[in-house]
């Protein structure tokens with residue numbers, strides 16, 4: 001008899017993080033921009049003995065993107081976050097970034113690969129998220145995940161300056177550290 005899945009909610013907290021990491025090119029190629037999203041919500045179903053019962057939906061407020069790069073001045077951090085919200089994500093037209101899982105498969109050593117649809121702006125693509133689920137607090141689950149995507153696959157513009165001598169790579173990393181609390 002299959003184990004009943006537990007339903008969880010996901011919301012922002014001091015311990016939860018949703019971020020995208022974009023590496024620089026050109027003169028600043030050793031640097032990375034990390035944009036954090038302060039507002040997100042989600043639901044997850046999970047049964048330890050029945051991975052096929054796993055479901056994850058995560059909705060991110062595109063207008064909540066902020067930059068915390070310590071190597072940039074406050075003015076440049078605000079400008080970068082504004083570029084991300086207004087130009088790249090078009091948050092005023094497309095207020096949500098959405099991920100919906102459709103399958104999960106175990107990895108050989110540890111964790112799972114969660115495959116699902118990621119929608120940014122008006123473009124949806126299949127993304128594979130490397131995921132580790134852990135129980136850290138009583139009844140809470142920690143979801144630690146990462147994925148790589150190409151910004152061009154979603155039609156996202158990249159920032160550049162000095163006639164292209166400073167820019168960003170097309171490849172970006174998504175980082176998730178989420179706490180799922182039973183309903």
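Each reported figure results from applying straightforward, stated rules to the coordinates on display, with no laboratory input. Note that the coordinates shown come from a computational prediction; the quantities given were computed from them, not determined experimentally. Here the Cβ is made from the backbone with ideal geometry for all residues, glycine too, and neighbour counts use every protein chain on show.
Along the Cα→Cβ direction, 7 angstrom out, place labels at residue 92 and residue 142. What is the inter-label distance in nm?
Here the answer is 4.0 nm between the modelled labels.
Mind giving me the nanometre distance, one decimal, between the label points for residue 39 and residue 68, set 7 Å out from Cα along Cα→Cβ?
It is 1.9 nm.
Can you quote the Å³ per residue value for the convex hull of the Cα atoms in region 78-154, rounded to an integer?
Each residue corresponds to 141 Å³ of Cα convex hull volume.
Rank these for me by crowding, 105, 41, going from fewest to most other beta carbons within 10 Å.
Fewest-to-most ranking of 105, 41: 105, 41.
Going by average Cβ density within 10 Å per residue, which order do the peptides 118-124, 74-80, 54-60 take, highest to lowest?
So the order, starting with the most tightly packed, is 54-60, 118-124, 74-80.
In nm, to one decimal, how far is the modelled label at residue 119 from the one at residue 7, with both set 7 Å along Cα→Cβ?
2.1 nm
Using only alpha carbon pairs under 8 Å that are at least six residues apart, calculate the relative contact order of region 15-182 and give it in whole percent.
Once normalised by length, the contact order is 24 percent.
Using a Gaussian network for the chain with springs between C-alpha atoms less than 10 Å apart, which of these wobbles most: 131, 70, 168?
70
If contacts are Cα pairs under 8 angstrom and at least 6 residues apart, what is the relative contact order of region 5-60 in percent?
39 percent
How much length is gained if the chain between residue 110 and residue 24 is pulled fully straight, taking 0.36 nm per residue apart and subtracting their Cα-Cα distance, in nm to one decimal?
Length difference between fully extended and current span is 27.9 nm.
Add -39500 (n - 2.57) for each DSSP H run of 4 or more in the chain, then divide by its residues: what number comes out at 222 nm, to the nearest 500 deg cm²/dmol?
Estimated from H runs of four or more residues: -1500 deg cm²/dmol.
For region 15-182, take N as its residue count and report Rg(C-alpha) divided by 2.2 N^0.38 Å.
1.08
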